[in-house]
1. Sort through Val229, Val186, Val223, Val160 and tell me the only one that's among the β-branched types (Val, Ile, Thr) and in contact with a helix residue (DSSP H, G or I) (Cβ under 8 Å, 6 or more places away or on another chain).
2. Name the single residue, out of those in segment 238-248 being in contact with a strand residue (DSSP E or B) (Cβ under 9 Å, 6 or more places away or on another chain) and either under 26 Å from Gly172 (Cα atoms) or open to solvent by 50 Å² or more (accessible area, probe 1.4 Å) (or both), that is farthest from the ligand (Cβ to nearest atom).
3. Within segment 79-90, identify whether any single residue is out of contact with any Gly (no Cβ under 8 Å at 6 or more places or on another chain) and either part of a helix (DSSP H, G or I) or buried (at least 24 other Cβ atoms within 10 Å of the Cβ) (or both), and answer yes or no.
4. Just to be sure I understand, how many residues within segment 43-73 are open to solvent by 20 Å² or more (accessible area, probe 1.4 Å) and in a strand (DSSP E or B)?
5. Looking only at residues in segment 173-194 that are in a helix (DSSP H, G or I) and open to solvent by 20 Å² or more (accessible area, probe 1.4 Å), which one is nearest to the ligand (Cβ to nearest atom)?
6. Could you look through segment 125-151, keep only residues that are within 16 Å of the ligand (Cβ to nearest atom) and small (Gly, Ala, Ser), and pick out the one that is most open to solvent (accessible area, probe 1.4 Å)?
7. Would you confirm whether or not segment 217-227 contains a residue that is among the polar types (S, T, N, Q) and either more than 18 Å from the chain's Cα centre (by Cα) or open to solvent by 70 Å² or more (accessible area, probe 1.4 Å) (or both)?
8. Can you tell me which of (1) modelled with pLDDT under 95; (2) within 16 Å of the ligand (Cβ to nearest atom); (3) open to solvent by less than 10 Å² (accessible area, probe 1.4 Å) is the one Leu76 doesn't meet?
Amino acid sequence: MAAFDVEKVLEVTHWTDRLFSFRTTREKSFRFENGQFVMIGLKVDGKLLVRAYSIASANYEDYLEFYSIKVQSGPLTSRLQHIQIGDDIWVGHKPTGTLVQDSLLPGENLFLVSTGTGLAPFASVIRDPAVYERFNKVVLIHGCRQINELAYGKQVYEQVLADEILGEIVAGKLVYYPTVTREPFVHNGRVTTMLADGTIARDLGLPPLSPATDRVMICGSEVMLADMVKLMEASGFNEGSGSRPGEYVIEKAFAEK
Ligand code: A2P
């Protein structure tokens, strides 16, 4: 079985009964762009069982981090949720994906719009110093059902602010906007609704979303992506790709099983 490295689990954190994150060692030759995903998994009965996972760590770190849902009936995540320090994780050789800077035209503000585990690629993007050279404001929007599901994203954001080097780079630029839909919180509502009706822009003191100034990266469930694409197209945003940069890019949040 070529095309995979075997890495070791370094750390596992359980955030809720449905969410966990883990770190693995990183092969020195493994290169990726912040925001990309890669196939990872386990060997089960001698066979590789892999799924696409966004890499949540930054590409200059000497470990890899992933953020995952736990689905009790899911072939991979029912097993992956039980990994322990020292266990083997297979990591593919070909990271890829559209949530990368080359797919976006230059702009003023970068909106990173996520729901659930769709936050993962943006945990990497907000740690990328180059992003703050390109944009004046980087707005990390994360929508979840409940407050406890925001914990991983909140910690990533707080670590970036507290970091000796990154903290200075992101100061006054990185904005965190968490919202929940199923219990009272400082922000309540679906990310799509709150972008469409101007709530988020108003709360942040920014003008309404505009393709003239704003760039948007989107990662969430299929229904959330469909609604966001409708909103983007209705607002005059064009989808970008590596060969033709645009004003927004989307990627499905992976590993639902
Ligand atoms: P809701 O509670 O109204 O379903 P999930 O865990 O199902 O992936 O949901 C994560 C978050 O995404 C929840 O807050 C959920 O809100 C929200 N959500 C679900 N569908 C959409 C959608 N089509 N557009 C935007 N947000 C959505």
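The values are calculated or read from the model by the stated rules, or taken from the named source; none is laboratory data. All of these numbers come straight from a predicted model, not from anything done at the bench. When we count neighbours, we look across all protein chains shown, and the Cβ atoms used for this are built from the backbone with ideal geometry, even at glycine. Keep in mind that these areas ignore ligands, DNA and RNA; they rest on the heavy atoms of the full protein, side chains included. Shrake-Rupley method; radii C 1.70, N 1.55, O 1.52, S 1.80 Å.
1. Of the residues listed, the single one that is among the β-branched types (Val, Ile, Thr) and in contact with a helix residue (DSSP H, G or I) (Cβ under 8 Å, 6 or more places away or on another chain) is Val160.
2. Start the filter on segment 238-248 by keeping residues that are in contact with a strand residue (DSSP E or B) (Cβ under 9 Å, 6 or more places away or on another chain), which leaves 238-241, 245-248.
Pick out the ones that are also either under 26 Å from Gly172 (Cα atoms) or open to solvent by 50 Å² or more (accessible area, probe 1.4 Å) (or both) and you get 238-239, 245-248.
Details: Asn238: 21, Glu239: 17, Pro245: 25, Gly246: 21, Glu247: 19, Tyr248: 15 Å.
Among them, the one singled out is Pro245.
3. Going through segment 79-90, the residues out of contact with any Gly (no Cβ under 8 Å at 6 or more places or on another chain) turn out to be 79, 81-88.
In the following step, the residues that additionally are either part of a helix (DSSP H, G or I) or buried (at least 24 other Cβ atoms within 10 Å of the Cβ) (or both) were identified as 79.
Yes; the residues of segment 79-90 include at least one that is out of contact with any Gly (no Cβ under 8 Å at 6 or more places or on another chain) and either part of a helix (DSSP H, G or I) or buried (at least 24 other Cβ atoms within 10 Å of the Cβ) (or both).
4. Keep residues of segment 43-73 that are open to solvent by 20 Å² or more (accessible area, probe 1.4 Å), which gives 43-51, 59-63, 69-73.
Remaining after also requiring in a strand (DSSP E or B): 43-44, 47-51, 63, 69.
Result for segment 43-73: 9.
5. Going through segment 173-194, the residues in a helix (DSSP H, G or I) turn out to be 191-194.
Retained after the next criterion (residues that are open to solvent by 20 Å² or more (accessible area, probe 1.4 Å)): 192-193.
Values: Thr192: 4, Thr193: 7 Å.
Here the answer is Thr192.
6. My answer is Ala151.
7. Let us first name the residues in segment 217-227 that are among the polar types (S, T, N, Q), namely 221.
From what's left, either more than 18 Å from the chain's Cα centre (by Cα) or open to solvent by 70 Å² or more (accessible area, probe 1.4 Å) (or both): none.
No: zero hits.
8. (2)
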